[in-house]
Amino acid sequence: MVQNSDFVRYHYNGTLLDGTAFDNSYSRGGTYDTYIGSGWLIKGMDQGLLGMCPGEKRKIIIPPFLAYGEKGYGTVIPSQASLVFHVLLIDVHNPKDTVQLETLELPPDCVRRSVAGDFMRYHYNGSLMDGTLFDSSYSRNHTYNTYIGQGYIIPGMDQGLQGACIGERRRITVPPHLAYGENGTGDKIPGSAVLIFDVHVIDFHNPADPVEIKTLFRPSENCNETAKTGDFVRYHYNCSLLDGTRLFSSYDYEAPQEITLGANKVIEGLDRGLQGMCVGERRQLTVPPHLAHGENGARGVPGSAVLLFEVELISREDGLPTGYLFVWHQDPPASLFEDMDLNKDGEVPLEEFSSFIKAQVNEGKGRLMPGQDPEKTIRDMFQNQDRNQDGKITGEELKLKSDEDQERIHEEL
């Protein structure tokens, strides 16, 4: 309610007791804006506006000794005239006012509150104190995305968005000195206007945030080996936004997702979150956008969105060292080329090479890179050994990759 020293914005019609109009604010296309109790108004208006609420309509009858008295005012207000004002109070604030917060809805689980430096995505409706809507993110079907506490938005919103929970709905009332001041902005926010924002916080994160990992289930036995970089893993997942909007799920397909960890085949945050898991383990991963799809987003994923994954590791296979397509489980045969040359003609075509490698895998003497088509992997291995690309490998051409690496080190030395 209006008190002395407050600043008010109001519309009015002014008449004499006989109904003769002498002035009104509506004809000027703007409110009358002034301080209360500071001598800027006739005494009767100073008193008559006290106690009013924004949106209230009031009839104020002012006797002449609290108006213009014996002198009257110009040609429109005669001497000793009582004045009648029909007033509509638009808004009120005090220069000492701070941002006012009202929690409209608070999620039951709030593990973190926003702080200065966080990047927030939120929806809002912005209105004046009389309920006039001046802006809405919903009309654009897009959240407003910004850093808070960094000066990118009006000071009142910078303050009012701090301390919020993800999913919270709050009302932020911003006095003009923490909004657009005496000048206002555009054609929808007049000067000295109090602004009211009804905000729904969709999500927020900090650019320094890591992947947040919450273990939902971990097998009590057989968890001696966990997923690591280079391993081939199969996993199921559900992916959503923090407001619960479902994005993707491996359960929509016939088989689990398959990747080699550390091969840049999935977003970095998911790759990190899968590492260290046991087969059968289930985790919840909260992935900030700088470890997901960033500011631009992706198909179906809004820009700067925090992603929530529920993942279950189905299987894991040891990966191979970088650059290797096949590794031996023990020392390779001393007579490797002779064993590979099945018909002993001094050369090994693709068919012999393929039969030999498959035999080593079947006998448990070696293994191919997991997660790849074995036929393609064997063809790639063969082409690497067929130095002159004549369709066969000779004893001079055949070299173990470990020997090649040693030769390369020697050359560099």
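For the peptides 254-262, 154-162, the ranking by packing is 154-162, 254-262, with the highest mean count of neighbouring Cβ atoms within 10 Å listed first.
For the chain, a crude dipole built from +1 on the beta carbon of Lys and Arg and -1 on the beta carbon of Asp and Glu, taken about the Cα centre, is about 2760 debye to the nearest 20. Under the convention that each Lys and Arg Cβ holds +1 and each Asp and Glu Cβ holds -1, the size of the dipole of region 281-353 around its Cα centre is about 840 debye.
Only lysine pairs 8 or more places apart, or on different chains, with alpha-carbon atoms under 27 angstrom apart are counted in region 54-190, and they number 4. Of the options S354, G319, L336, report the single residue whose Cα projects farthest towards the positive end of the charge dipole of the chain (beta-carbon charges: Lys, Arg +1; Asp, Glu -1). Farthest towards the positive pole: G319. For the chain, the mean residue ellipticity at 222 nm estimated from helices alone is -4000 deg cm²/dmol, where every DSSP H run of n ≥ 4 contributes -39500 (n - 2.57) and the total is divided by all residues, rounded to the nearest 500. By the Cβ rule of 4.7 Å, the chain holds the following cysteines without a possible disulfide partner: C53, C239.
How large a share of the accessible area of the chain, in percent, is made up of carbon and sulfur atoms when the probe is 1.4 Å and the other protein chains stay in place? That share works out to 47 percent. Across region 186-228 the C-alpha pair distances fall into 5 Å bins from zero in the proportions 5, 9, 11, 12, 9, 10, 10, 8, 6, 5, 4, 5, 5, 3 percent.
What the Cα convex hull of region 304-408 gives, in volume per residue, is 167 Å³.
Quick one: which of 294-306, 323-335, 114-126 comes out on top by average Cβ neighbours within 10 Å, and what's the full order, highest first?
Details: 294-306: 16.2, 323-335: 12.2, 114-126: 19.7.
Top of the packing list down: 114-126, 294-306, 323-335.
The overall shape of region 20-74 is oblate: from the C-alpha gyration tensor, with semi-axes ordered a ≥ b ≥ c, the ratio a/c is 1.5 or greater and a/b is no larger than b/c. Would you please classify the overall shape of region 160-213 from the alpha carbon gyration tensor, given that a ≥ b ≥ c denote the square roots of the eigenvalues, rounded means a/c under 1.5, and beyond that prolate means a/b larger than b/c while oblate covers the rest? Prolate, because a/c is 1.5 or more and a/b exceeds b/c.
Using C-alpha pairs under 8 Å with a sequence gap of at least 6, the mean separation divided by the residue count of region 88-201 gives a relative contact order of 35 percent.
Each peptide in 215-226, 374-385, 95-106 receives the mean, over its residues, of other Cβ atoms within 10 Å, and ordering these scores from highest gives 374-385, 95-106, 215-226.
Per the Kirkwood treatment, what hydrodynamic radius in Å, one decimal, follows for the chain from the mean inverse distance over all distinct Cα pairs? Don't jump to the answer; show the numbers that get you there.
Working: mean 1/r = 0.0354 Å⁻¹.
Computed over the chain, the radius equals 28.2 Å.
With Kirkwood's inverse mean 1/r over C-alpha pairs for Rh, give me the Rg to Rh ratio of region 200-332, two decimals please. Rg/Rh: 1.01.
Pairs of Cα atoms under 8 Å, at least six residues apart: use those to get the relative contact order of the chain, whole percent.
Numbers: 832 pairs, mean separation 42.2, N = 413.
Relative contact order comes out at 10 percent.
Taking a straight Cα-Cα cut-off under 14 Å and skipping sequence neighbours fewer than 8 places away in the same chain, the aspartates and glutamates within cross-link reach of K344 are E352.
The values are calculated or read from the model by the stated rules, or taken from the named source; none is laboratory data. If you're wondering where the values come from, they're calculated on a predicted model, not measured in any experiment. Here the Cβ is made from the backbone with ideal geometry for all residues, glycine too, and neighbour counts use every protein chain on show. Heavy atoms of the whole protein, side chains included, go into the accessibility calculation; ligands, DNA and RNA do not. Shrake-Rupley method; radii C 1.70, N 1.55, O 1.52, S 1.80 Å.
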